[in-house]
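The values are calculated or read from the model by the stated rules, or taken from the named source; none is laboratory data. Everything numeric here is computed off the predicted structure, so don't read it as measured data. Counting neighbours? That spans all protein chains shown, and the Cβs are built from the backbone with ideal geometry, glycine included. For the accessible areas, the whole protein counts, side chains as well, though only heavy atoms, and no ligand, DNA or RNA atoms are used. Shrake-Rupley method; radii C 1.70, N 1.55, O 1.52, S 1.80 Å.
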Amino acid sequence: MVPYEYYVALSGLLMVLGLIGVIVRKNVIAMLISTELMLNAVNIAFVAFDFKLHDVVGQVFVFFILTIAAAEAAVGLGLIMAIYRMKKDVDVEKLTELKG
Amino acid sequence: MTIVQQLVAGLGIPNFKVLIPEIIVLITAILVFLAELFIKSRALISALTVVGLALAAFSMLTISEGAITLYGLYIVDSFSLAFKFFLVIFTILAIINLQSYVESKKTYYGEYYYLILFTLLGLMIIVSSPNLISFYIGLELSSITSYILVGLWRKDYRSKEGAFKYLIIGGAGTAIISYAIALIYGKTGSFDFARIFHVIQDNSDIGVTAGLVLLLVGLGLKASAVPFHFWTPDAYESAPTPITGFMASVSKVAIFAAILRIMVEAFPFSNQIWSYGWAILAAASMILGNFVALKQKNVKRMLAYSSIAHSGYILAALASPNGMGFTALIFYSIVYLFMALGGFIFLSAFEKNGNWTNDFEDFKGLAKKHPIMALYMLIYMFSMIGIPPTVGFMGKFGVFMALISSNVWWLAVILVITSVVSAGYYLKVVAYMYMYEPVNSNKFKLTAMEKFTVGFLAVLVLVVGIYPTIFWEISNILTSVLIMNAGVR
């Protein structure tokens with residue numbers, strides 16, 4: 001049986017990868033995917049801690065996170081569609097108009 | 001017995017009496033959502049929203065005793081009721097000015113009303129959550145609807161860009177907060193503030209510390225404290241101005257209330273980390289917010305940076321984790337509602353007119369054209385600097401005294417110095433209004449509602465500034481309620 005610490009370490013790794021993705025990626029869709037990756041890392045952490053605590057409350061929380069991630073992705077993709085219709089581009093560096 | 005009856009017998013029925021304000025807001029939101037499809041009259045939709053909110057505010061006054069309900073997921077005490085009352089009242093003030101603004105900008109959608117109501121519902125949930133689950137749900141309900149509200153401007157690219165930046169950074173903040181909750185849950189095995197309080201009372205370890213630091217980062221991000229403030233100026237500048245006013249005042253104050261409750265009820269023995277963390281975030285917010293605001297040319301963006309600076313002033317109170325600091329935080333965040341909403345509604349009133357671009361140039365000679373409105377703006381600006389007869393002075397004075405009483409001199413000094421620096425840009429607005437001749441003699445069109453809102457809030461700023469006792473006493477009582485709650489539950 002794999003000890004729970006391994007799962008927690010995996011979730012931490014995914015979390016950091018997602019954060020790096022949000023910071024370095026220039027494609028708006030990739031940025032959105034990175035935030036989703038971070039939320040899924042949290043799901044792994046919750047399930048791992050439930051495994052350790054022999055409890056199910058954390059798994060209930062996972063359902064909340066799943067729905068929230070879906071709602072956020074829906075809003076994000078809607079915004080990306082609107083941006084693409086206006087600018088025909090998905091590169092953050094070319095899209096920036098608000099500065100200062 | 002049927003299964004439903006067995007369930008009810010096992011769990012008990014939630015006390016719906018104390019939930020009436022939230023239920024009214026939810027029903028109003030759904031009604032407006034449906035009515036907006038069939039009713040063509042825009043004034044009627046607006047009126048329906050305002051009536052619903054007024055009913056919710058009134059029903060709050062009838063609640064005589066608080067309770068913890070929904071199986072420990074929801075708390076109604078005087079702290080949450082007082083904050084909810086202010087949130088609802090100031091949402092009404094933002095909504096009555098929305099229609100004229102969005103119609104003049106040709107960007108009217110019926111969606112504004114129910115999205116604002118759902119945001120408000122989320123904010124009401126976070127100020128009355130004794131549990132990390134309900135806190136998280138409320139936070140997300142308010143955040144996701146805010147992303148949509150920022151991006152709702154028709155055929156305007158900047159609005160979409162601001163909303164997208166807000167979504168990405170806000171989404172990262174959400175993930176960080178939920179990871180913090182996961183770490184705290186992994187250590188304590190509970191989401192309840194009281195249980196967390198008891199478990200980590202004497203055995204705090206690296207997991208809890210990491211969770212606390214991540215929670216601090218996430219909450220700082222939502223409250224737009226400095227290293228995580230990037231979304232604030234863009235989202236605030238690109239949103240429709242009454243929406244900006246709503247976000248800068250109502251949303252922010254709810255976040256401060258939630259931060260205070262989490263800090264007092266869940267992690268009182270982790271004061272050291274919390275207080276140092278908030279002190280650093282507050283110092284960075286005050287310094288960067290004020291210095292960047294100095295070089296802004298657009299007044300709306302300048303006010304966005306000033307709201308970052310005000311986050312700094314308010315969070316600075318957390319550096320002195322005792323009753324005095326909490327009282328100062330509650331007082332400042334309530335009076336900050338007056339200034340922030342008033343300032344943004346002033347801008348929205350003038351922005352309706354086509355030739356107004358929120359530039360400093362536009363303010364030239366405003367005192368000659370609209371002497372009364374210019375006077376109100378002068379009061380707001382003086383209040384934001386913290387000049388004595390206004391309420392901003394009392395707020396800063398409270399934070400300053402709290403910091404000195406717990407020997408955090410360096411932060412008190414930063415607070416005073418940055419306040420002096422802030423005069424550089426607030427007084428610039430006043431100088432442009434009073435010391436220049438008008439470029440032309442065109443008057444601006446203002447509706448009665450806008451005049452009323454701006455005037456009412458300006459009078460409130462002056463009156464509370466001269467006689468702060470009532471609000472100060474309210475803050476004192478709320479603090480003692482909060483501190484008493486911490487150990488008992």
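Structural remarks
- Mean partner shielding of peptide B:185-197, defined as the number of other chain Cβ atoms within 10 Å of each residue Cβ, is 3.
- Sparse packing (at most 12 other Cβ atoms within 10 Å of the Cβ) combined with a DSSP loop state is found for the following trypsin sites (Lys or Arg not before Pro) in the range B:77-143: B:LYS106.
- Taking 7 Å steps out from each Cα toward its Cβ at B:THR357 and A:LEU77 produces label points 3.9 nm apart.
- Interface residues in the range A:34-55 - accessible area drops by 30 Å² or more relative to the isolated chain, probe 1.4 Å: A:THR35, A:MET38, A:LEU39, A:VAL42, A:PHE46, A:PHE49, A:LEU53
- Spacing of the modelled spin labels on B:VAL416 and B:LEU34, each 7 Å from Cα toward Cβ, amounts to 6.0 nm.
- Expressed as a whole percent, the accessible surface of the protein assembly as shown that belongs to carbon and sulfur atoms is 71, based on a 1.4 Å probe.
- Interface B-A: total buried accessible area of about 3500 Å², 1.4 Å probe, protein heavy atoms only.
- Annotation: B:MET60 carries an accessible surface of approximately 10 Å², with a 1.4 Å probe and no ligand, DNA or RNA atoms counted.
- B:LYS368 versus B:TRP409: modelled label distance in nm, points set 7 Å from Cα along the beta carbon direction: 5.1
- Angstrom value of the Kirkwood radius, inverse mean 1/r, which spans all Cα pairs in the range B:256-376: 16.2
- Amide H partners (placed H, <5 Å) of B:ASN131, local residues excluded: B:PHE193
- The sum of -39500 (n - 2.57) across all DSSP H runs of n ≥ 4, divided by the residue count of chain A, sets its helix-only mean residue ellipticity at 222 nm to -28500 deg cm²/dmol.
- The trypsin sites (Lys or Arg not before Pro) of the range A:14-100 that DSSP puts in a loop, and whose beta carbon has at most 11 other beta carbons within 10 Å, are A:LYS88, A:LYS99.
- HN-Hα J in Hz across the range B:85-92 - Karplus 6.51, -1.76, 1.60, θ = phi - 60°, x for Gly and Pro: 4, 5, 4, 5, 4, 6, 5, 4
- Gain on full stretching of the segment that runs from B:TYR109 to B:LEU427 - 0.36 nm per residue minus C-alpha separation: 110.9 nm
- What the protein assembly as shown shows is 38 Å² of accessible area per residue, with the surface traced by a 1.4 Å probe over protein heavy atoms.
- Placed amide H near B:TYR74: partners under 5 Å, 5+ positions off or other chain: B:THR69
- Test item: B:156-168 mean partner chain Cβ contacts at 10 Å: 6
- Distant alpha-carbon pairs in the range B:263-320 (separation over 16 angstrom), percent: 47
- With viscosity 0.692 mPa s and temperature 37 °C, the Kirkwood radius over alpha carbon pairs of the range A:4-95 converts through Stokes-Einstein to a diffusion coefficient of 228 µm²/s.
- Surrounding net charge for B:GLY52, when Lys and Arg each add one and Asp and Glu each subtract one, Cβ distance under 14 Å: -2
- Interface burial in the range B:169-183 reaches 20 Å² or more for B:GLY171, B:ALA172, B:ALA175, B:ILE176, B:SER178, B:TYR179, B:ALA182, B:LEU183, comparing the full protein assembly with the chain by itself; accessible area from heavy atoms with a 1.4 Å probe.
- Shape call, chain B: gyration tensor on alpha carbons, a/c limit 1.5: oblate
- Of the residues B:ILE259, B:VAL199, B:ALA180, the one whose Cα sits farthest toward the positive end of the charge dipole of the protein assembly as shown, with +1 on the Cβ of Lys and Arg and -1 on the Cβ of Asp and Glu, is B:ILE259.
- The mean number of partner chain beta-carbon atoms within 10 angstrom of a residue's beta-carbon across peptide A:63-76 is 5.
- The phi torsions of the range A:3-18, fed into the Karplus equation with coefficients 6.51, -1.76 and 1.60 and a -60° offset, translate into couplings of x, 5, 4, 5, 5, 5, 4, 4, 5, x, 4, 4, 4, 5, 4, x Hz, rounded to whole numbers, with Gly and Pro shown as x.
- Restricting the range B:1-87 to chymotrypsin sites (Phe, Trp or Tyr not before Pro) that sit in a DSSP loop and have at most 14 other Cβ atoms within 10 Å of their own Cβ leaves B:TYR71.
- The fraction of Cα-Cα pairs per 10 angstrom bin, counted from 0 for the protein assembly as shown, comes to 3, 17, 28, 28, 17, 5, 1, 0, 0 percent, rounded to whole percents.
- In this structure, B:LYS17 and B:VAL439 have a Cβ-Cβ separation that, at R0 = 51 Å, corresponds to a calculated FRET efficiency of about 0.30.
- Entries in A:LYS87/B:LYS451; A:LYS99/B:LYS443; B:LYS369/B:LYS428 that, when Cα-Cα distance is taken, lie over 29 Å: A:LYS87/B:LYS451; A:LYS99/B:LYS443
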